[in-house]
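Peer 1: One structure, pasted below without further comment.
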Amino acid sequence: MPNPDVIFETLILGSGPAGLTAAIYAARSRCCPTLIHGLQPGGQLTTTTAVDNFPGFPQGVDGPALMENMRLQAERFGTQFIEGEVTRVELGERPFKIWLGEELYRCLTLIIATGASPRLLGLGNEEALYGRGVSVCATCDGFFYRDKEVVVVGGGDTAVEEAVFLTRFATRVTMIHRRDELRAVPVLAQRALDNDRIAFRWDTAVAEIIADQSGVTGVRLKNLKTGEEEDFPCDGVFIAIGHQPNAALFEGQLDFDKDGYILTKNGTETSVPGVFAAGDVQDPIFRQAVTAAGSGCMAAIQAERFLDDLPSEAQLSCRKGICTEG
Ligand code: NAP
């Protein structure tokens, strides 16, 4: 149970690339960060095997290993880690209040790096097949499908971008969409429609992912108009039906965009001064580990500047590490 008199200088929520990079920068600036993470720290990268596009690793790097290294780096400079699930926040006044069940933590600056979760189809085996034929990120995993056959599920901007990207590797890309027209903006949609390496199955849902010991071997497709089912062989299933930013905790307290992402300006500032958001929870467009890490860095720098501008009595109490009020 935390000491109720303690006010933390910088609390970071989330332990993906954004949260851990924020922690590394905040710790090196002596902002004494404390990072709260859930039961499975490390974020989305821990569900990926090889990460080939994070700069600095010419041979690629294992996702969980990359996250473990970021954590060690944050620890080296003095980041404190707390495990637990944040159940409630109050951002109406400073210090901000963060509850982990009955435990209350108070802080002067808050960096939200809670990420986003890919929406899934709700089929029994899809999560178990991550890394063995099921993917939610073509940029991360497309390379492994050189000369293979893949399907992309979804009809939005992401699905179209993923399908077009995958034509660089796969011999055949088939988009499976539940309606008969794409949701993607016309310019993107046309790019897919004009690409003769992309085929379409309209009005169609994936009813089942078929797999053997080594991974995905196909999908069972269901035509939603006729009810007809067919087995469609493929090596990879890219699910691109949208992401859900993990921001529900902040509803009504921060400004969101129309899709539920936390709105930021000037880098990572949210609508509440002293609260910063970094990574996928505020990024509907790029969603890459390296962009998340970059915005984590920005959030830490902005939090530090915010702390520097606080009245001196708050600053003085905070420069000792874990801060006490007054
Ligand atoms: P999205 O626009 O919400 O599209 C999701 C797609 O998946 C839709 O086609 C939807 O079908 C389908 N879908 C949803 N749930 C499904 C389910 N359970 N089963 C089967 N299909 C399902 O998501 P997004 O494509 O990830 O884009 C999210 C946001 O990021 C958008 O605002 C987008 O414009 C933006 N974005 C922009 C860019 C860019 O500017 N380059 C790139 C990527 C994303 P319906 O069409 O029937 O609803």
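Peer 1: Hey, can you find the accessible area per residue of the chain for me, probe 1.4 Å, expressed in square angstrom?
Peer 2: 48
Peer 1: Put one equal scatterer on each alpha carbon of region 120-239, apply the Debye formula with no solvent term, and list log10 I(q)/I(0) at q = 0.14, 0.18, 0.21 1/Å to two decimals.
Peer 2: -0.51, -0.86, -1.19
Peer 1: Scan region 246-305 for trypsin sites (Lys or Arg not before Pro) in coil per DSSP, keeping those whose Cβ has at most 13 other Cβ atoms within 10 Å, and list them by number.
Peer 2: Details: sites: Lys258, Lys265, Arg287, Arg305; in loops: Lys258, Arg287.
When the trypsin sites (Lys or Arg not before Pro) of region 246-305 are filtered for loop state and at most 13 Cβ neighbours within 10 Å, Lys258 remain.
Peer 1: In whole percent, how big is the carbon plus sulfur part of the accessible area of the chain, probe 1.4 Å, protein atoms only?
Peer 2: C and S atoms contribute 49 percent here.
Peer 1: Ranked by accessible surface with a 1.4 Å probe, highest first, in what order do Glu251, Glu304, Glu102 come? It would help to have the intermediate numbers written out before the result.
Peer 2: Details: Glu251 125, Glu304 50, Glu102 160 Å².
Output order, biggest surface exposure first: Glu102, Glu251, Glu304.
Peer 1: Given a Förster distance of 56 angstrom, what is the FRET efficiency for Lys265 paired with Arg132, based on the Cβ-Cβ distance and rounded to 0.05?
Peer 2: 0.85
Peer 1: Also, quick follow-up: If r is the Cβ-Cβ distance from Met1 to Ala65 and R0 is 25 Å, what FRET efficiency results, to the nearest 0.05? If you can, show how the numbers build up before the last one.
Peer 2: Values: r = 34 Å, r/R0 = 1.35.
The calculated FRET efficiency here is 0.15.
Peer 1: Which ³J(HN,Hα) values, rounded to whole Hz and listed in residue order, are derived for region 4-9 from phi using the Karplus coefficients 6.51, -1.76 and 1.60 in 6.51 cos²θ - 1.76 cosθ + 1.60 with θ = phi - 60°, glycine and proline given as x?
Peer 2: Values per residue, Gly and Pro as x: x, 7, 7, 10, 7, 6 Hz.
Peer 1: What three numbers, in Å, describe the spread of the alpha carbons of the chain along their principal axes, ordered from the longest?
Peer 2: For the chain, the Cα extents along the three principal axes come out at 69, 40, 35 Å.
Peer 1: For every other residue with a beta carbon closer than 14 angstrom to the beta carbon of Val160, add +1 if it is Lys or Arg and -1 if Asp or Glu, then tell me the sum.
Peer 2: For residues surrounding Val160, the net value is -1.
Peer 1: Please list, in order along region 73-83, the HN-Hα scalar couplings obtained from phi with the Karplus expression 6.51 cos²θ - 1.76 cosθ + 1.60 (θ = phi - 60°), rounded to whole Hz, x for Gly and Pro.
Peer 2: The phi angles translate into 5, 5, 5, 4, 9, x, 5, 8, 10, 10, 9 Hz.
Peer 1: So how tilted is helix 289-308 from the main axis of the chain? Cα-based, degrees 0 to 90, rounded to 10.
Peer 2: 20
Peer 1: Grab the beta carbon distance between Glu149 and Gln40, set R0 = 45 Å, and tell me the FRET efficiency rounded to 0.05.
Peer 2: Rounded to the nearest 0.05, the efficiency is 0.90.
Peer 1: Which residues in region 210-252 have a backbone N closer than 13 Å to a point placed 7 Å from the Cα of Asp180 along the Cα-to-Cβ line?
Peer 2: 224-226
Peer 1: Just from its helices, what would the mean residue ellipticity at 222 nm be for the chain, if runs of 4 or more DSSP H residues each count -39500 (n - 2.57) and the sum is divided by every residue, rounded to the nearest 500 deg cm²/dmol?
Peer 2: Helices in the chain give a 222 nm mean residue ellipticity of -7000 deg cm²/dmol.
Peer 1: Can you give the relative contact order of the chain as a percent, counting alpha carbon pairs under 8 Å and 6+ residues apart?
Peer 2: Taking the mean separation of contacting Cα pairs over the length of the chain, I get 22 percent.
Peer 1: Residues in region 116-139 near a label at Asn195, defined as backbone nitrogen under 13 Å from the 7 Å Cα→Cβ point?
Peer 2: Only 138-139 pass the distance filter.
The values are calculated or read from the model by the stated rules, or taken from the named source; none is laboratory data. Please read all numbers here as calculations on a predicted model, not as lab measurements. No Cβ is skipped: glycine too gets one built from the backbone with ideal geometry, and neighbour counts run over all protein chains shown. In case anyone asks, the SASA skips ligands and DNA or RNA and just uses the protein heavy atoms, side chains included. Shrake-Rupley method; radii C 1.70, N 1.55, O 1.52, S 1.80 Å.
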